[in-house]
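Taking it in order: structure first as C-alpha cells, then the write-up.
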Amino acid sequence: MLAVRQGRAQLLSRFTFTALKAVAKTSGSNIVRLLALSAIGLLASHTAAQVAGASQGVEVPENSATDKSAASLPASKQSLALRQNATTLFSNDRFDVLRSERFVVVDLKKPHQVLSTARVNGGEQQGLRYLVNHQSMEAKADNHQLMKIINQTAEQYLQDIATELQLPAEQIALMGTAANVRNLGHSRQRFKGLEVDAFVTAGVKGNALRAGDPTRWYETDSGNKRVDYHGTINTIVVINQPLTAGAQAKAAMIMVEAKSAALAELSVPSTVSPHLATGTGTDQFILASLTDNRRPSLQSASGHLKLGELIGTAVRLATLEALRWQNRLTANDTATVEYALGRFGLNDQTLQAGIATYLPKPQALLANQNLDSIQSDPRLVAAAYSYAALLDRIQYQGLPLSIRNEVLRDQAAQAAVAVSGQAAQWHMFWQQLNPRSSDMDAAVALFAKAVALGWQAKWQATEHTMAQPLAKTRSRAAGHD
C-alpha cells in the first residue's frame, strides 16, 4: 500500500505539473500566469510531503486543509503558575493570551516558527513558547526603571522577567514598552481555513518618527548612550498555518506596512521632522506561524494573496484600537487645525500671535477666547489639511519651487473664506495675503493671518447687516417728524 500511495502521488503531480506549466506558458494574462506559477510551487511542497510521508509509513491526507493540527504541547508547571494570577483574554486550540499585571503573554500550545525583534532569542526560532509584551517603565520621568534597563545586559534583563513570570528564559521572546498593556488592541481576521490574530500595544505621542528621520543615536561596541522609551508600537501576530521562511519574512514586511497604514489614517506626525510618521523609534514585533509537517507551508504572504490581506487588516485594526485607548487618538481627534499643521510649527501660541498681530485688540481678544471653536471648525480644518498637502508637495519637490508662494497664497485665501463664510470675498483676501518669504515660519504666519482676516470679515459682515436696518429705521423716524 505504501508503494501504491507513493506512486499515485508522483503520477498525480506529473499530470498536474504538465497542465499548470501549459497554462503558465500560453496564457495571455499576467495574473493567470502568476497564479499558475504559485500553484506549481504549492503543489511541489504538497507532493513532497505526501511522498515523504508515504515512504516513512505516515498517513498524509491529500486534502491538507482538513488536516488535524499539530500535537498540542503539554501545559508546563511554569505556565500553570502564571495562570493562577492571570486573566485569560483569548483562547483557542493553538494559543492562549494571558494578562497579568504589566504583562501580556501569548502561550503557544502547539509548536510555532517564530520571527521576532527580541534582543535575546530573536530572529527566526523554533522551540519558543511564550511571546511576552510587557510594560518596562512609565512613559514619563521613570528614571529608576530607565537606569535599571540601561545598566543590565539583555540576557540579565530577560532573566529578571523570566523569574518574575516563573517561565524559562530560553522559551521567551520578549518585547518592552512604556504603553499600558491594558490598552491592548486585538483583531482577528479569517478566510476559509486561514486565521490571523494581531495583538498590539501602541503609543506615538513622544517617539513617532518617519523612517530615515534624523537621530542622535548610534550603536557602538559598548552599546547606546541613552534609550528613549516614550512611545512604542509592539505587535504580536499569530498565524494558524505553516509558512516558509521567505513567506514569514514577507508577512513581517506586510505587518510593518499595515502599522504605517494605521498611522497614515490618523495623520500621525513625526516628533522630530515636518513629515508624517511611519512608526516609532523603538517598534518591535513577534510573528508566529504554526509548525505542522503534515501540511504544506504557504509560500507567500504577498499583498495580492489572502494571507497578506488578513495580516494587513488585522494589524491595522489592532493598531488603531491600541492608539484609541493608549493615546485617546481617533479620527475625530485629528480634526483640528493644529493637528493638521502642527508638524510645520502651527500651534495655539503661533495662531494666537498671528491673530493678535493682524486684528484690533478687542477683536483679537474675542477670537483668542474662542480659539477652540476656530481650531475645530470643519471647513477651516479642511482648508488646513489642504494647506498641509501643499507644504508636503513642496518639501518633496512634487511642485516647482517657483510656484510655492502663489499656491500657498491661493490656499490661504481659501482658509479666510472658510472662517468668514464669504466666498465672494476670496479675491479680497487673496490681495491681502502676500507671502514675504519662502521659509516654513512664513508659511505658518501666512495661514495665521488668513484666519485673522477671515474672523474680522465674519463679524464685520454682521455689523454691516445690523447697521442697514438701523439706518432705515432712523430714516423712517425722520420722515414722521
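The values are calculated or read from the model by the stated rules, or taken from the named source; none is laboratory data. As the structure is a computational prediction, the values presented were derived from the model and not from experiment. No Cβ is skipped: glycine too gets one built from the backbone with ideal geometry, and neighbour counts run over all protein chains shown.
Worth pointing out:
- Residue within region 146-160 that is on the phi > 0 side of the Ramachandran plot, surrounded by 13 or more Cβ atoms within 10 Å (Cβ to Cβ) and in the same structural domain as Gln284 (by TED's automatic domain parsing) present: no
- Condition check for Asp197: acidic (Asp, Glu), closer than 26 Å to Gln84 by Cβ and at pLDDT 95 or above: yes
- Considering only residues in region 231-264 that are buried (at least 22 other Cβ atoms within 10 Å of the Cβ), assigned to a loop (DSSP other than H, G, I, E, B) and in contact with a Lys or Arg (Cβ under 7 Å, 6 or more places away or on another chain), the one that is modelled with the lowest pLDDT turns out to be Gly231.
- Enumeration of residues in region 369-403 that are more than 18 Å from Gly345 (Cα to Cα), in a helix (DSSP H, G or I) and not aliphatic (A, V, I, L, M): Gln369, Ser373, Pro378, Arg379, Ser402
- Selection count where residues are within 29 Å of the chain's Cα centre (by Cα), without any contact (Cβ under 8 Å) to a residue 60 or more places away in the chain and either surrounded by fewer than 17 Cβ atoms within 10 Å (Cβ to Cβ) or part of a strand (DSSP E or B) (or both), scope region 70-97: 6
- Leading residue by the ranking (nearest to Pro274 (Cα to Cα)) among those in region 333-368 that are outside any helix (DSSP H, G or I) and without any contact (Cβ under 8 Å) to a residue 24 or more places away in the chain: Asn347
- The residue that is surrounded by the fewest Cβ atoms within 10 Å (Cβ to Cβ), counting only those in region 98-145 that are under 23 Å from Val204 (Cβ atoms) and of a type in the set (D, E, K, R), is Lys140.
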